[in-house]
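**Q** What follows is a structure written as structure tokens; I'll ask about it next.
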Amino acid sequence: MDLELRDQLYAQAKEWVLAAGKQIRNKINDPLVIDTKSNPNDLVTTMDKETEAFFATEIKNKYPDHFILSEEGFGDDLKTLDGTVWIIDPIDGTMNFVHQKRNFAISIGIYQDGVGEIGLIYDVMSDILYHAKRNEGAYKDKEKLAPLKSDVKLEQSILSLNHFWLCENRLVDERVMQGLVKKVRGTRTYGSAALEFAYVAEGILDGYLTMTLSPWDVAAGMVIVNEVGGVTGNIDGEALNMLKRNSVFTCNPVIQKDIIDDYFVKGKK
């Protein structure tokens, strides 16, 4: 992507993200219409839909040749990531939004021919923006994030895990995963994949593991994590398919191989 164009897209995306976040804060205590999607815990609200509609309208008006891959139905039906694609989660952490009114984020990744060029994760209620442009470093507001530490040991690591790894599934043996929990220093769960990616980039988490995420959950975070030397793949260490749901492991690369070899691969035997 042309650098001048990227800078222009970044500035415009940032302006829209901050505007959308302000609108959410202004309406945070308004009555909500809450529906469910794939299951009773897969929530969607009027605010999710209104926020995505805002982005879709602005993008299509200003950049009619760009594409949108998004969660709530305002995007395009894409078979490839050719061209310029905005990958949008209007409210990542909808359950937190509904129950806590905090710990949720707007997540936007801008990809050019499948390459992540721009990532924006906005912690709306804390008014904190994590952001990155490819090969230009990652930032928390105006503070440049440091490269991830190279001397992290697995037993000193903090991992973010959600409860789904406890359930029976085809990907891992939950007993093996219990061994991982016992091995590391501690585990956390925040309920927003975007924020968990941001915390890995910030170095306050050493890794984030989940059994299944959609492209809009990870697109922005991958760009940001990459810029501090982190790695993201599935639990086999393979690249994510950005048009499908994936298992996801984003982490400090120092611990990636040990966890994949000793726990994910072992858990399949």
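The values are calculated or read from the model by the stated rules, or taken from the named source; none is laboratory data. Everything numeric here is computed off the predicted structure, so don't read it as measured data. Using ideal geometry, Cβ is built from the backbone for each residue, glycine included, and neighbour counts are taken over all protein chains shown.
Every residue, every condition in (1) touching a Phe, Trp or Tyr at 6+ places or on another chain (Cβ under 9 Å); (2) within 15 Å of residue 81 (Cα to Cα); (3) in contact (Cβ under 8 Å) with a residue 40 or more places away in the chain, yes or no:
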site: 223; (1), (2), (3): yes, no, yes
site: 233; (1), (2), (3): yes, no, no
site: 237; (1), (2), (3): yes, no, no
site: 255; (1), (2), (3): no, no, yes
site: 259; (1), (2), (3): yes, no, yes
site: 263; (1), (2), (3): no, no, yes
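**Q** Would you call residue 155 under 27 Å from residue 3 (Cα atoms) and either not β-branched (Val, Ile, Thr) or not in a helix (DSSP H, G or I) (or both)? Break it down into steps so the answer makes sense when it comes.
**A** Details: under 27 Å from residue 3 (Cα atoms): no; either not β-branched (Val, Ile, Thr) or not in a helix (DSSP H, G or I) (or both): yes.
The answer is no for residue 155.
**Q** Only one of 128, 87, 110, 121 is surrounded by fewer than 20 Cβ atoms within 10 Å (Cβ to Cβ), at pLDDT 95 or above and not assigned by TED's automatic domain parsing to the domain that holds residue 193. Can you tell me which?
**A** Criteria check complete, one pass: 128.
**Q** Which condition does residue 47 not pass, out of (1) at pLDDT below 95; (2) over 21 Å from residue 194 (Cα atoms); (3) not β-branched (Val, Ile, Thr), if it passes all the others?
**A** Result: residue 47 passes all but (2).
**Q** Please name all residue pairs, on different chains or six or more residues apart, with Cβ atoms under 7 Å, provided the first residue is in region 13-24 and is modelled with pLDDT of 95 or more and part of a helix (DSSP H, G or I) and the second residue is among the acidic types (Asp, Glu) and surrounded by 15 or more Cβ atoms within 10 Å (Cβ to Cβ).
**A** Here the result reads 16/58, each pair linking region 13-24 to a residue that is among the acidic types (Asp, Glu) and surrounded by 15 or more Cβ atoms within 10 Å (Cβ to Cβ).
**Q** Next question. Quick one: how many residues across region 235-262 are in a loop (DSSP other than H, G, I, E, B) and buried (at least 18 other Cβ atoms within 10 Å of the Cβ)?
**A** Number satisfying all stated conditions: 4.
**Q** While we're looking at this one, here's another question. Which of (1) crowded, with 20+ Cβ neighbours inside 10 Å; (2) under 15 Å from residue 193 (Cβ atoms); (3) not basic (Lys, Arg) does residue 138 not meet, given it meets every other one?
**A** With respect to (1) crowded, with 20+ Cβ neighbours inside 10 Å; (2) under 15 Å from residue 193 (Cβ atoms); (3) not basic (Lys, Arg), residue 138 is out only on (2).
**Q** Hey, another quick one. Out of region 82-103, which residues are among the β-branched types (Val, Ile, Thr) and either assigned to a helix (DSSP H, G or I) or out of contact with any His (no Cβ under 8 Å at 6 or more places or on another chain) (or both)?
**A** Hits for region 82-103 are 87, 88, 91, 94, 98.
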